[in-house]
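The values are calculated or read from the model by the stated rules, or taken from the named source; none is laboratory data. The structure presented is a predicted model; accordingly, all values stated were derived computationally and were not measured. Ideal geometry is used to build each Cβ from the backbone, glycine not excepted, and the neighbour counts take in all protein chains shown. We work out accessible area using only protein heavy atoms, side chains counted, and drop any ligands, DNA or RNA first. Shrake-Rupley method; radii C 1.70, N 1.55, O 1.52, S 1.80 Å.
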Amino acid sequence: MDLMEAMRQRHSVRRYTDKPIPEDALHALREEIAACSRESGLRIQLIIDEPRAFSGRMAHYGSFSGVKNYLALVGRKGPDLEERCGYYGERLVLLAQQLGLSSCWVALTYRKVPDALEIAPGEKLAAVIALGCGETQGVPHRSKPAGEVSNLGADSPEWFRAGVEAALLAPTAMNQQKFTLTREGNRVSAKAGLGFYTKMDLGIVKYHFELGAGRENFKWA
C-alpha cells in the first residue's frame, strides 16, 4: 500500500498476539530508523522481545496486552524535541502499517526499562510506540470538522484541502486534535494548542499534512 492508504487504514492497536515480527519487516524498520535518526538528530531505538515496559499497572490502565516490541523515541532535551519525535515517529508508524504491522503511540502508560534503552546524559525518552501483530486492526477515531482546525474555505486550493483531510487522520493524544493549520497563499503555518503532548501531536500532524498536500505545493511559514 502507498503512504496515503496506510494513513487511512492505520488505527491505534493496544492488544497484540505472540506472533513475532517477520525478519524482512525488522530489516526495513531498522533501515528507516537509521535514516530518521540521521535526519532528525534523534536516537530512535527498536526494542524487540522486551515485555517489561508494558507489564505494570499503568499498562493495565491503558488496556495494553501482549506488547513485547516498541520504538523508543530518545533525543537531546530541547524546545523542539517533542515535535521532532512526532514527525519522525509517525514516519515509522506509517511504514509499519505498510509492512503489515499494528502500532500505538504511548506517552504515559509504560514503564521505563533502563537496561533495555540507551539514554545519554542530557537526553530524554519522549515517548514509545508499541509495535507488532495486532489482535485487531483498531477502529477509526472521531474527527473534528475541517473548519475547526484550519481556515479551509470554498476557494482553498485542492492541495490544502487534501492536506487538512490528511492531518485529521493523524493520531493525537486522547484524540484532542488541538492544532491549527492556516494558509496564506502557498505558505502554511501549523500551531499547537494547549494540552498534554500537543507539541508531539503537531509533529505527527505536520507529517500527515505534507503527505496529503504534497511538499512541492507549499512552504511552512
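Taking interchain pairs and intrachain pairs at least six residues apart, which have beta carbon atoms under 9 angstrom, with the first residue in the stretch 86-112 and within 12 Å of S12 (Cβ to Cβ) and without any contact (Cβ under 8 Å) to a residue 40 or more places away in the chain and the second in a helix (DSSP H, G or I) and open to solvent by 30 Å² or more (accessible area, probe 1.4 Å)? Close Cβ pairs satisfying both conditions: none exist.
Looking only at the stretch 78-112, which residues are over 19 Å from E39 (Cβ atoms) and open to solvent by 10 Å² or more (accessible area, probe 1.4 Å)? Correct list: Q97, L99, G100, W105, A107, L108, T109, Y110, R111, K112. Of the residues making up the stretch 1-27, those that are touching a helix residue (DSSP H, G or I) at 6+ places or on another chain (Cβ under 7 Å) and either open to solvent by less than 60 Å² (accessible area, probe 1.4 Å) or in a helix (DSSP H, G or I) (or both) number 6.
H141 meets each of the listed conditions (1) crowded, with 16+ Cβ neighbours inside 10 Å; (2) in contact (Cβ under 8 Å) with a residue 60 or more places away in the chain apart from (1).
Considering the conditions (1) farther than 19 Å from E118 by Cβ; (2) modelled with pLDDT of 95 or more; (3) of a type outside the set (S, T, N, Q), C85 is excluded by exactly one of them, (1).
Listed here are the residues, each with its yes/no results for (1) of a type in the set (A, V, I, L, M, F, W, C); (2) touching a residue at least 12 places away in the same chain (Cβ under 8 Å); (3) farther than 29 Å from K68 by Cβ.
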| residue | (1), (2), (3) |
| --- | --- |
| A166 | yes, yes, yes |
| N175 | no, yes, no |
| G185 | no, no, yes |
| A192 | yes, yes, yes |
| G203 | no, yes, no |
| G214 | no, yes, yes |
